[in-house]
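Below is one structure, written out as structure tokens; the observations come after it.
Computed from the coordinates by the stated procedures, all read-outs in this text should not be read as laboratory data. Keep in mind it's a predicted model, so treat the numbers as computed, not measured. Note that each Cβ is placed from the backbone with ideal geometry, even for glycine, and that neighbours are counted across all protein chains shown.
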Amino acid sequence: VNDSLLINPSLCYVPSYGRYENLGVIQKNYISNPLQMEGLPRFLPEEMLAHSLVFGVVRDFRTRQPVFGAEVRVFGQPSPAQGSATTLISLANGEVWGGGKQLPTKPSMFSFPKSADRLVEKGRRITSLDGKFAIAVQDTGILVVRAESHLSNYRIQEKEVRLKHQRGEYYSADIWLLPK
């Protein structure tokens, strides 16, 4: 693709099952002369990866033209408090262990909110001249991407995305704004 750049494939890492695997390791199963990979890790260490990225283009649904200056926000669940979601039961208080089939635990008194009204903002951007945006996020799970135009003639549009990893993942979330 880029004739002017010399690229050593043995130094390349590609996405593979949620991790970044060395291209030489993948190719050694398909070619007879494997690449030089001595001293290189099979998987790229996670601390070398950038945060996961949600990117896309905001467009007008009727005209198919990009929308300049639209505000894009990413919302997610609040980060859980440090600690365990279960607490140990004191067997001295008359609790039964269940005959050894389960640990003596009971559910936590605090339940995490599941309502969309309780989402917290994880990032915000304004679209460029060509309607593009990119937001780095550090969360996993289901995130809501909400686009809103600075003009009042568009409806607010939302899209759900699911991120599995905090680092190295990317998700395209193109959004089409509907006129009112």
- Task: Please work out the FRET efficiency for the pair residue 151 and residue 50, using the Cβ-Cβ distance as r and a Förster radius of 30 Å; give the result to the nearest 0.05.
- Result: 0.35
- Message: Give me the extension gain from residue 124 to residue 71: residue separation times 0.36 nm, minus the current Cα-Cα distance, reported in nm with one decimal.
- Response: 18.4 nm
- Query: Given labels modelled 7 Å from the Cα in the Cβ direction, how far is it in nm from residue 132 to residue 14?
  - Reply: 2.3
